[in-house]
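One structure is given below, encoded as structure tokens.
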Amino acid sequence: MSRLVNQSVLLLLVLVCLLGAASAKPHEELTKDHVTELANECKAETGASDEDVKQMMDHEAAEGHEGKCLRACVMKKFQIMDESGKLNKEHAVEMIKAMSKHDAEKEDAPAEVVDKCEAIEAPEDHCDAAVAFESCLYEQMKEHGLELEEH
């Protein structure tokens, strides 16, 4: 279970980094510092602690509700999750394509993964929904045989 949680958290950070790069303006270079900067903005917005930011950046599971909300906020800033707490299909598909090893036989898999996760009954609370989406995306990628690209 711990391995799944760690991989799920890693998936979120990869999601954030890749989607941030996809949605950033061309002149903006997305770096760990940029992700940290946005996480700190979200920390102020959500009441999260420095420890919550550290856990996110260290690929550790969120221990409390504020840590989950921090992740939801970051996902929204990078347009992985929309303002209504739903998965952004277009961005999520592009993210999965970018993070998984290319396999021509699995060309449709990223869209299938997102379709499955878009259809889950996510909690109304956006913070809990962020955790549900990241878990679903990881599980569906695994089920569809999509391997994470080592970055």
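The values are calculated or read from the model by the stated rules, or taken from the named source; none is laboratory data. Because the structure is predicted, anything quoted here is derived from the model rather than measured. Note: ideal-geometry Cβ built from the backbone for every residue, glycine included; neighbour counts use all protein chains shown. Calculation scope for accessible area: heavy atoms of the full protein, side chains included, ligands and nucleic acids excluded. Shrake-Rupley method; radii C 1.70, N 1.55, O 1.52, S 1.80 Å.
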**Ranked by how many other beta carbons lie within 10 Å on average, peptides 39-47, 124-132 from highest** = 124-132, 39-47
**Item:** In the stretch 50-96, the GluC sites (Glu not before Pro) that fall in loop regions by DSSP, at most 11 other Cβ within 10 Å
**Value:** 83
**Prompt:** What are the radius of gyration and Dmax of the stretch 38-151, computed over its Cα atoms and given in Å?
**Reply:** 14.3, 45
**Asked** Taking the Cα atoms of the stretch 63-102 alone, what are Rg (to one decimal) and Dmax (as a whole number) in Å?
**Response** 11.7, 36
**Message:** Using a 1.4 Å probe on the protein heavy atoms only, what accessible surface does residue 120 show? Give it in Å² to the nearest 10.
**Reply:** 60
